[in-house]
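The values are calculated or read from the model by the stated rules, or taken from the named source; none is laboratory data. Please read all numbers here as calculations on a predicted model, not as lab measurements. So basically every Cβ, Gly included, is an ideal-geometry build from the backbone, and we count neighbours across all protein chains shown.
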Number of protein chains: 2
Amino acid sequence: MLKAKGNLLVGQSGGPSAVINSSLCGIIEEAIKKEEIGEIIGMKNGIQGLLKEDLIDLRRQNPDVIKGLKRTPTMALGSCRYKLKEQEYDDILKIIAKYNIRYFLYIGGNDSMHTTHEIGRLAKEKGYELYVIGVPKTIDNDLLHNDHTPGYGSAARYNAIMATEICMDTISLKYIEVVKVVETMGRNSGWVTAATALAGKYSPHLIYIPEIPFNAEKFLNDVKTVYDYQGYVVIAACEGLKNPNGSFVAAFQSKMNIDPFGNPELGGLGQYLVDLIVQNLGLKTRLDKPGTMQRSSGSAISKVDADEAYMVGAKAVNLAISYITDKTVTLVRTSNSPYSCETGLANLEDVAIETRKMPPEFIKKDQNNITKAFIEYAAPLIGCPIHDYVELADIKPKL
Amino acid sequence: MLKAKGNLLVGQSGGPSAVINSSLCGIIEEAIKKEEIGEIIGMKNGIQGLLKEDLIDLRRQNPDVIKGLKRTPTMALGSCRYKLKEQEYDDILKIIAKYNIRYFLYIGGNDSMHTTHEIGRLAKEKGYELYVIGVPKTIDNDLLHNDHTPGYGSAARYNAIMATEICMDTISLKYIEVVKVVETMGRNSGWVTAATALAGKYSPHLIYIPEIPFNAEKFLNDVKTVYDYQGYVVIAACEGLKNPNGSFVAAFQSKMNIDPFGNPELGGLGQYLVDLIVQNLGLKTRLDKPGTMQRSSGSAISKVDADEAYMVGAKAVNLAISYITDKTVTLVRTSNSPYSCETGLANLEDVAIETRKMPPEFIKKDQNNITKAFIEYAAPLIGCPIHDYVELADIKPKL
């Protein structure tokens with residue numbers, strides 16, 4: 001067992017979130033307290049920066065800057081989405097040894113968990129003492145063995161606020177632009193899209209998620225039914241909607257838009273639905289596509305989410321110095337009302353690669369909306385109430 | 001001159017803004033104080049609701065609700081974009097007389113000013129004593145005789161925040177998604193798009209506005225130049241970009257997407273630019289299109305803007321009860337540093353129809369960005385600082 005101090009290395013990977021820096025903050029503030037930890041080193045742009053020894057001293061930063069990470073969205077260390085080649089794993093281990101790294105923490109989603117596992121495995125193979133811990137992060141909420149993932153609460157909060165305001169906008173204009181389509185994020189799962197249902201009475205009337213194969217005829221019928229009933233329609237549709245054969249309804253075909261893990265860039269789903277509505281129903285329709293705002297909006301940070309992101313970061317430090325390795329911190333809900341959540345532990349391999357979809361009990365039977373069970377699950381994650389807007393009472397004037 | 005009390009009628013028209021309800025709040029709270037004013041009546045969905053006598057009692061609303069209007073985006077009374085037919089002007093005057101309306105206030109943009117002028121003209125022709133006052137509102141900032149328009153400051157604040165976070169997102173991912181295109185609102189003028197330049201060091205590298213005819217070759221050259229220099233590019237492009245012949249670069253062609261004033265629905269500009277970049281430069285490019293969030297986001301309300309919107313509403317009441325008619329309140333900047341602003345007065349006819357474009361001194365010579373003069377003009381309008389995010393210092397770790 002390691003007696004002397006070792007250094008800690010931390011990186012961020014995959015897509016940004018509003019609270020991934022909160023996890024980094026938790027790691028740095030916790031590591032500073034620990035005698036076992038010498039230098040605290042950040043990789044710039046994840047393992048891609050590590051390969052180039054593009055590193056940064058995190059122990060000697062201004063403490064106010066470290067504290068400010070908790071309210072700063074996106075990735076202070078920068079990201080990568082890089083698949084290591086066989087030879088590069090060796091290079092990385094050499095750099096790790098060169099900097100006397102004994103604790104390796106990687107904040108990311110399932111692909112990052114895989115990378116972390118592989119680095120740990122190689123270190124073990126070579127007899128280099130290294131404790132590798134994964135720190136969960138993804139707005140997609142799709143990591144196995146987690147009740148939810150850090151980053152999701154804030155993305156959900158953003159989408160709840162966005163849905164509220166987009167719906168209020170549509171109601172204002174119900175004599176002018178009668179249909180609004182909002183294209184939301186999500187490659188394989190509907191979690192982020194479903195969060196629009198947290199807007200209460202301003203929730204979209206129709207919500208489409210990739211768990212349900214898309215059927216254009218049913219979609220048009222749904223839109224017409226809502227329109228005939230109340231004269232306007234708000235639709236939230238996930239960019240990752242799939243045809244019954246499993247292909248994306250809208251994806252860029254060009255090769256340069258496929259990432260190293262084989263995921264194609266999505267785009268154009270919203271415009272496709274707008275065209276479908278205009279051509280078939282003749283209704284004036286507008287597209288909103290908030291895009292990367294969903295993952296990177298600082299004004300929509302959920303305090304619950306930021307606190308939990310901090311907690312998983314701090315926990316990872318404590319695991320690593322307790323000689324635990326090849327694990328990821330997880331989030332475990334211990335009570336729903338009042339809401340409480342603790343950290344748990346899972347094997348990196350069990351969280352890597354596979355993703356978690358929305359379970360059937362969260363999807364309405366008519367497959368165009370979300371159930372109350374989902375609302376109960378997701379509502380605590382977005383923190384304080386999303387607005388205190390008012391509405392005029394419909395009092396008739398005196399003649 | 002009118003001795004007895006008359007009733008006041010108020011409506012909202014055109015596109016929503018984050019502070020049009022603040023103007024309504026100013027009108028109601030001021031009108032309640034005035035002995036000259038009896039009932040305070042709201043048209044639901046503007047003149048379109050008025051034609052149906054779809055009216056609402058504003059005097060008997062809960063005062064907390066009235067106060068809450070100041071922080072509630074979009075249109076509490078609902079909107080319309082309706083061009084009155086000849087006969088309908090007569091109908092409207094009959095309804096106005098039926099409800100003993102003597103003060104007619106209409107909150108809107110240039111089309112609404114035209115409608116207000118016409119109603120005032122007809123009343124005069126028929127010898128019906130009516131004081132009509134326009135209350136300016138438009139995120140487009142394109143009303144003549146105004147230093148700026150209520151609604152613009154909040155839309156500008158939204159776009160400054162959005163540009164900041166989208167740029168931070170892009171920097172995080174500079175090894176992955178190297179170009180981001182943000183499609184922003186604006187039919188004929190670049191004011192809303194230009195506001196992205198208020199994001200300081202996180203401003204877009206390239207900004208395209210309708211005042212400058214679009215040239216695809218120059219655009220691609222601009223993008224390549226920025227990319228070659230720093231490896232990533234953020235582009236803000238106005239939905240209303242025009243070809244050298246004056247046609248829109250991207251507009252829906254279908255008839256149902258043209259409003260009664262002949263304005264076509266815009267859409268697809270951002271995707272067009274993304275395709276242009278991917279096909280010609282082979283760079284991984286993503287589109288964000290915040291759409292109606294720009295005009296309807298409550299979280300981005302600028303306090304300066306909300307206060308000024310309130311002020312123009314309250315002023316309109318005072319003008320009307322002073323027997324002034326056929327005028328619109330305007331905003332007049334009296335000092336830039338420290339910023340101060342007062343109300344002014346203009347003829348409705350002079351503000352109707354025509355719009356105000358960005359002057360040449362606000363546009364950089366290379367026509368792909370905004371000048372410091374614009375920043376100085378617009379910065380006071382967005383209120384308090386847009387964020388307190390931090391950045392890590394680039395300290396090299398000890399070996």
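Among the residues of the stretch B:157-172, the ones that are out of contact with any Gly (no Cβ under 7 Å at 6 or more places or on another chain) and either at pLDDT below 95 or of a type in the set (Gly, Ala, Ser) (or both) come to 2 in all.
Inside the stretch A:226-252, can you point out the residues that are away from chain B (no Cβ under 13 Å), farther than 21 Å from residue A:357 by Cα, without any contact (Cβ under 8 Å) to a residue 40 or more places away in the chain and surrounded by 11 or more Cβ atoms within 10 Å (Cβ to Cβ)? Residues satisfying the conditions are A:226, A:230. For the stretch A:184-220, the set of residues classified as farther than 19 Å from residue A:377 by Cβ and part of a helix (DSSP H, G or I) consists of A:201, A:202, A:216, A:217, A:218, A:219, A:220, listed by residue number. Residues of the stretch B:158-191 that are among the hydrophobic types (A, V, I, L, M, F, W, C) and out of contact with any Leu (no Cβ under 7 Å at 6 or more places or on another chain): B:161, B:162, B:163, B:166, B:167, B:168, B:171, B:173, B:176, B:182, B:185, B:191.
Out of all the residues in the stretch A:109-143, which are among the small types (Gly, Ala, Ser) and buried (at least 20 other Cβ atoms within 10 Å of the Cβ)?
Within the stretch A:109-143, A:109, A:112, A:120, A:123, A:134 qualify.
Looking across B:108, B:127, B:68, B:120, one residue alone is in the same structural domain as residue B:334 (by TED's automatic domain parsing) and touching a Gly at 6+ places or on another chain (Cβ under 7 Å). It is B:108. Give the residue, chosen from A:40, A:20, A:47, that is under 15 Å from residue A:320 (Cβ atoms) and either of a type in the set (Ser, Thr, Tyr) or within 13 Å of chain B (Cβ to nearest Cβ) (or both). Result: A:40 is the single residue among A:40, A:20, A:47 that is under 15 Å from residue A:320 (Cβ atoms) and either of a type in the set (Ser, Thr, Tyr) or within 13 Å of chain B (Cβ to nearest Cβ) (or both). Looking only at the stretch A:111-153, count how many residues are farther than 19 Å from residue A:183 by Cβ and assigned to a helix (DSSP H, G or I). Going through the stretch A:111-153 one residue at a time, the tally reaches 16. Residue count for the stretch B:198-244, restricted to those that are farther than 17 Å from residue B:279 by Cβ and more than 26 Å from the chain's Cα centre (by Cα): 7. The set of residues in the stretch B:79-97 that are part of a helix (DSSP H, G or I) and in contact (Cβ under 8 Å) with a residue 24 or more places away in the chain comprises B:88, B:89, B:90, B:91, B:92, B:93, B:95, B:96, B:97.
For the stretch B:215-235, check the following and say yes or no: at least one residue is modelled with pLDDT of 95 or more, within 27 Å of residue B:114 (Cβ to Cβ) and either among the hydrophobic types (A, V, I, L, M, F, W, C) or in contact with a helix residue (DSSP H, G or I) (Cβ under 6 Å, 6 or more places away or on another chain) (or both). No; the residues of the stretch B:215-235 include none that is modelled with pLDDT of 95 or more, within 27 Å of residue B:114 (Cβ to Cβ) and either among the hydrophobic types (A, V, I, L, M, F, W, C) or in contact with a helix residue (DSSP H, G or I) (Cβ under 6 Å, 6 or more places away or on another chain) (or both).
Against the criterion of being away from chain A (no Cβ under 13 Å), modelled with pLDDT of 95 or more and within 30 Å of residue A:14 (Cβ to Cβ), residue B:190 does not qualify.
Tell me yes or no: at least one residue of the stretch B:58-67 is surrounded by fewer than 24 Cβ atoms within 10 Å (Cβ to Cβ), away from chain A (no Cβ under 12 Å), of a type outside the set (A, V, I, L, M, F, W, C) and closer than 24 Å to residue A:173 by Cβ. No, every residue in the stretch B:58-67 fails to be surrounded by fewer than 24 Cβ atoms within 10 Å (Cβ to Cβ), away from chain A (no Cβ under 12 Å), of a type outside the set (A, V, I, L, M, F, W, C) and closer than 24 Å to residue A:173 by Cβ. If you go through the stretch A:187-214 and keep only what is among the small types (Gly, Ala, Ser) and either on the phi < 0 side of the Ramachandran plot or touching a residue at least 60 places away in the same chain (Cβ under 8 Å) (or both), you end up with A:189, A:190, A:194, A:195, A:197, A:199, A:203. Residues in the stretch A:9-38 that are touching a Phe, Trp or Tyr at 6+ places or on another chain (Cβ under 7 Å) and in a strand (DSSP E or B): A:9, A:11, A:37. Filtering the stretch B:363-399 to residues that are of a type in the set (A, V, I, L, M), within 12 Å of another protein chain (Cβ to nearest Cβ) and touching a residue at least 12 places away in the same chain (Cβ under 8 Å) leaves only B:386. Can you work out which of the residues in the stretch A:264-300 that are without any contact (Cβ under 8 Å) to a residue 40 or more places away in the chain and not in a helix (DSSP H, G or I) is surrounded by the fewest Cβ atoms within 10 Å (Cβ to Cβ)? It comes out as A:282.
Of all the criteria given as (1) in a helix (DSSP H, G or I); (2) at the interface with chain B (Cβ under 8 Å from one of its Cβ atoms), the one not satisfied by residue A:76 is (1). Scanning the stretch B:131-140 for residues that are assigned by TED's automatic domain parsing to the domain that holds residue B:244 and hydroxyl-bearing (Ser, Thr, Tyr) turns up nothing. Test residue A:53 against the stated conditions and say whether it is within 12 Å of chain B (Cβ to nearest Cβ), under 17 Å from residue B:395 (Cα atoms) and part of a loop (DSSP other than H, G, I, E, B). Yes.
Do you know which residues across the stretch A:163-181 are within 21 Å of residue A:281 (Cα to Cα) and part of a helix (DSSP H, G or I)? Please lay out each step first, then the result.
First, the residues of the stretch A:163-181 that are within 21 Å of residue A:281 (Cα to Cα): A:167, A:170-171, A:173-181.
Those that are within 21 Å of residue A:281 (Cα to Cα) and part of a helix (DSSP H, G or I): A:167, A:170, A:171.
Restricting the stretch A:79-102 to residues that are charged (D, E, K, R) and out of contact with any Pro (no Cβ under 7 Å at 6 or more places or on another chain) leaves a set whose member that is nearest to the other protein chains (Cβ to nearest Cβ) is A:98.
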